[in-house]
Every structure is written in structure tokens, then in C-alpha cells.
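The next block holds one structure in the form of C-alpha cells; read it before the comments.
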């Protein structure tokens, strides 16, 4: 256990630049994982109810231009 | 005013108290010969103050405590039942297919009298319409341009950023066309009425075949038990098969009412889907942060919580000048971690 801690310490904490980089990258990674994970759960609870689930019925044959719609959905 | 009256009441209270205090002190020093008379006075005083207190409380309750009924039950309107809405649950979004149907009903039926002028065409995009559909719908309407070089205002087709046009030029025109009753703007109606979705649904589907015996309905009004006062300017709107749904859903009156109510809930709270999702995320993250903060607190307090104090008495009570307190102080406590 202490060996592992030691490895982590020397790898990420010892040099300040590395430590800071770890924090920043970690924050972004956590946010991305958390967001896409919770969106996945939300979308599965609400399968078939949201616009993105039904818009394929109304998009007129390719290039219908639903760009704004896409932006709204994926936030 | 409040300060002055409270001052006065506290003075009155002091005045009421002082005889009691006086009798009490007299009693304490009085002889047994006087005590009979004093106790009679005591009883009278106590009974009268109790009576006064009870009387003023009941008078106050009589004046201000009783439930007041400014209106009769008919004027209040029938309370709508609770309907099992799916979209109002905390984990559910709007059913956007239903929103599309509800907007269809609004456009075919309600839009003849009611505006939803807080909704711009762009709101429909990505929620219940594609960009092309919304643009086409906007272009059907005419809007004023800004004044040109000669100061003239021309007409132009609508754009996505324009707001929905009302059916009447102004409120007076709307009243004139509806027997003097103003059809309210429906953008926020679900938020604006007690009972929200339940009320609007009950109102739309609650018109009886004919008013019950004994009900007075003024001419030009229609009977609806859910409308406060029961006489509503709006006649029954939804009849089975009134519209043709593009997705083939049977257009019963209650289906249309349900769809249009869900649509009106969306116009009142278009952000609801996003807000619910964000709420769950916030709850999840704050749960983690709360757990962390509990752990940090326990960690920081660990040394203090596990500290023990012990007292080692002085070994030899050697004769020393001075008080025992001084001796005690010299040896003092010993602290052991």
C-alpha cells in the first residue's frame, strides 16, 4: 500500500507543475465522464420522449438543417 | 404604531401585575388573622384575571381566528382532481411527440381566440419542430419592418426570432369578439392558475351536456363547474375528432385536452427538461461533496475528539505555607494526549 502511495506521490505530486497539470486534466476528465454518464442515464429513463428521439420522423430527407436543434439537445 | 401599542400593552401588563405582587408580599408577612380576608381577595383577583385572559383570547379568536369564507363554493369553483401527469414527474421530460400534438391543437382550435405571445418561433426549433418547419411557419405571418428612410413602416415575412402573433389587434377587439370576455394569453396560463395542468385539463373537459338543475347561467356565458363563478365566457371547445393528428393518435376530446395542456405547460416552462436534469446532477455532486466534507471534519477533529484529560494528584501532601488552592495550582493538571 505504501509502495503504491509512494509511486503516486512521486509520479504526480512531487513536482508542482505535474501536480497542477494532474488537477486540471483530472477536473476536465471527471466533468466529461460525469456529464456523459448522467446524460446516458437521463436519456434511458426518458427514452422516446425527447425531441432527439423523434426528430428523425420530421427531418426532410437529408440536409434539412436541424443544426440549432442539435445544439439544444446535446447541451 | 406597532411599537407604541406594544409599549402601552406592556404598561397595562405592569399595572395588572402590581396588585398581585403587593398582595403576595403582604401575604408573606401577614398574620393568620388577616389571611382569611387576604385569601378571599386573592381568589377574586385570580379569578377575574383568569376570566379576563380567557375572555380576551376567545374574543380575539372570534374576531380573527375563525376561517373566513369570502366566496360561496360556486364562486370558488370546483377543485380539479389530481391527474397522473407523466411530464410533471421529477425524472421525466416532456413527451415531445405530445407537445407536437398539443401545438397542433392550439393552432387549430385555441389560436382563434388565445395568443401565446411570449413564445418566439425559434423556441419550437429543436423542441417540437425542425428549423425548416419553424421557418415556414414564421414566414406565413407578416410583421412590421423598422421605419425606412422616409419613415414608413413596411411589412416583411416573419423570422425565427419573431414572437407569435396574437389573434386580435388588441384587448378591446378581443373582448368585442367574445361577448366582453377577454381570452387570456396562454403562454403562462399553467403557472397562472391554481391547480396548473389539472385545472386547465378539468376546465377543458368539464363542460357538462347541460347545466345542472338550479344553476343560474347568464346569457352569453357557459356553465363550467371548474371555473370560479361557474359562468365562463369560453364555450366548450374540444369535441371528439375535431383535429386530425399527423401521427394517427385518435383525437378524442380528452386526448386533445391532455396534449394541449402539456403543450401549455411547455410554453410556461420551456426550460423544465433541462432544469430537471441539471437538478439531478447538482444533487449528485453535492452528495459527494457533502460526504467529503463530513470526512474532512472527522479527520480534522480526530485529535481533539480522542484527547483524554487525566488528573494526577500530588504525591506527598507536604506541609507548605498557603492555602490548599495554591498547592493545587502548583501541581496543576497534567495533560496526556
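Throughout, read-outs are computed from the coordinates displayed, never taken from laboratory work. In this text, all values refer to a predicted model and were calculated from it rather than measured experimentally. Methodologically, a virtual Cβ is constructed for each residue, glycine included, from the backbone with ideal geometry; neighbour enumeration extends over all protein chains shown.
In nanometres, what is the gap between the two model label sites at residue B:274 and residue B:88, each 7 Å from Cα along Cα-to-Cβ?
Those two pseudo-labels are separated by 2.4 nm.
Taking the Cβ-Cβ separation of residue B:303 and residue A:12 as r and a Förster radius of 35 Å, what is the calculated FRET efficiency to the nearest 0.05?
Values: r = 28 Å, r/R0 = 0.79.
The pair residue B:303/residue A:12 has a calculated efficiency of 0.80.
Can you quote the Å³ per residue value for the convex hull of the Cα atoms in region B:94-181, rounded to an integer?
114 Å³
Between region B:169-214 and region B:102-123, what is the separation of their alpha carbon centroids in Å?
The distance from the Cα centre of region B:169-214 to that of region B:102-123 comes to 15 Å.
Report D for region B:30-152 in µm² per second (integer): Stokes-Einstein, Kirkwood Rh on Cα pairs, 10 °C, 1.306 mPa s.
In µm²/s, the coefficient is 69.
Considering only C-alpha atoms, what is the centroid distance from region B:232-255 to region A:43-61, in Å?
Computed from Cα coordinates, the inter-centre distance equals 24 Å.
Over region B:241-302, what portion of Cα pair distances is larger than 14 Å, expressed as a whole percent?
For region B:241-302, the share of Cα pairs beyond 14 Å comes to 73 percent.
Based only on Cα atoms, what Rg/Rh ratio does region B:139-219 have, Rh being taken as Kirkwood's radius?
Rounded to two decimals, Rg over Rh is 1.15.
With each pseudo-label sitting 7 Å past Cα toward Cβ, what's the residue B:112-residue B:282 distance in nm, one decimal?
4.3 nm
For B:130-139, what's the mean count of beta carbons from other chains sitting within 10 Å of each residue's beta carbon?
3
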